[in-house]
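Report on the following structure.
The values are calculated or read from the model by the stated rules, or taken from the named source; none is laboratory data. Please read all numbers here as calculations on a predicted model, not as lab measurements. Every residue, glycine as well, gets a Cβ built from its backbone with ideal geometry; the counts of neighbours run over all protein chains shown.
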Amino acid sequence: MTTIQVVVADDCAVIRAGVKTFFQDTSDIAVVGEAQTGSEALQLVQHLHPDVLMLDIAMKEMSGIAIAQSLRAYDAGPSMLVLSDNEDTEHILAMFAYGAAGYLTKDETPQIIIDAVRGVARGEQGWISRRIVTHLFKPSKHTQPQLTSRELDILQGIVHSKRDCEIGQELHIAERTVRYGLQRIYDKLGVHTRIEAVAQAIRLGLVE
């Protein structure tokens with residue numbers, strides 16, 4: 001079994017220690033490095049090449065956003081999983097824009113955090129705490145979007161981080177049909193990206 005190597009970056013030693021305890025009883029996840037500052041986190045990524053970088057946004061010397069920007073230059077950088085209580089919309093969207101695969105709050109259960117690390121290590125996106133989803137997508141006065149059964153099937157697929165070709169194979173439709181359906185879903189939900197669609201779908205209760 002391949003071990004998922006994780007670097008934890010947070011300016012609070014208690015948080016770092018707490019996160020490490022979450023993985024003590026897992027055989028497939030290992031914390032290989034800890035960083036107290038943003039610059040330390042970047043150095044550890046450069047030297048250790050971890051599979052996952054779990055980071056806060058607010059850190060000394062270099063913010064999580066600045067780290068994410070720097071990692072865009074890497075061809076094979078780590079998957080980024082934000083663990084933060086920062087609910088500033090611009091900061092959250094910036095992290096996703098710079099490649100974060102998930103955004104969890106620090107009060108999430110250990111099991112959710114463990115599952116998220118495994119998920120982002122597999123290349124999954126859309127691991128978002130419900131509190132963040134609710135914050136990003138305030139309740140609207142508009143009626144519930146009406147999606148067809150086919151569109152709901154496609155939406156369920158992207159919630160589970162499946163690629164267009166995989167969704168097409170499962171639904172026995174062409175990949176271009178999936179892409180067309182996905183665009184219609186974006187239009188109906190008022191979003192522009194897969195992550196936004198996942199978050200909106202969860203908020204509206206459209207998927208399990």
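General remarks:
- No other residue among Gln46, Gln36 is among the polar types (S, T, N, Q) and either exposed (fewer than 13 other Cβ atoms within 10 Å of the Cβ) or not assigned by TED's automatic domain parsing to the domain that holds Leu104 (or both) apart from Gln46.
- Entry remark, segment 9-19: residues being outside any helix (DSSP H, G or I) and touching a residue at least 60 places away in the same chain (Cβ under 8 Å) number 1 in total.
- Scope segment 183-208; condition surrounded by fewer than 19 Cβ atoms within 10 Å (Cβ to Cβ), part of a helix (DSSP H, G or I) and of a type in the set (A, V, I, L, M, F, W, C); matching residues: Ile202, Leu204
- Where Glu61 falls short, out of the listed (1) buried (at least 17 other Cβ atoms within 10 Å of the Cβ); (2) acidic (Asp, Glu); (3) more than 30 Å from His192 (Cα to Cα): (1)
- Qualifying positions in segment 21-50 - outside any strand (DSSP E or B) and over 28 Å from Glu90 (Cβ atoms): Thr21, Phe22, Phe23, Gln24, Asp25, Thr26, Ser27, Asp28, His47, Leu48, His49
- Filter result for Ser63 (at pLDDT below 90 and either within 16 Å of the chain's Cα centre (by Cα) or farther than 23 Å from Thr3 by Cα (or both)): yes
- Segment 125-137: number of residues that are in a loop (DSSP other than H, G, I, E, B) and modelled with pLDDT of 70 or more: 3
- Filtered residues of segment 95-124 (kept if touching a residue at least 60 places away in the same chain (Cβ under 8 Å) and in a helix (DSSP H, G or I)): Phe96, Pro110, Ile113, Ile114, Val117, Arg118, Val120, Ala121
- Hey, Ser140 modelled with pLDDT of 75 or more and either surrounded by fewer than 17 Cβ atoms within 10 Å (Cβ to Cβ) or of a type outside the set (Ser, Thr, Tyr) (or both) or not: no
- Verdict on Gly99 being of a type outside the set (A, V, I, L, M) and more than 23 Å from Arg130 (Cβ to Cβ): no
- Taking every residue in segment 172-195 that is in contact (Cβ under 8 Å) with a residue 60 or more places away in the chain and pairing it with any residue that is of a type in the set (S, T, N, Q) and not in a helix (DSSP H, G or I), at least 6 positions away or on another chain, the pairs with Cβ-Cβ distances below 9 Å are Arg194/Gln125; Arg194/Ser161; Ile195/Gln125.
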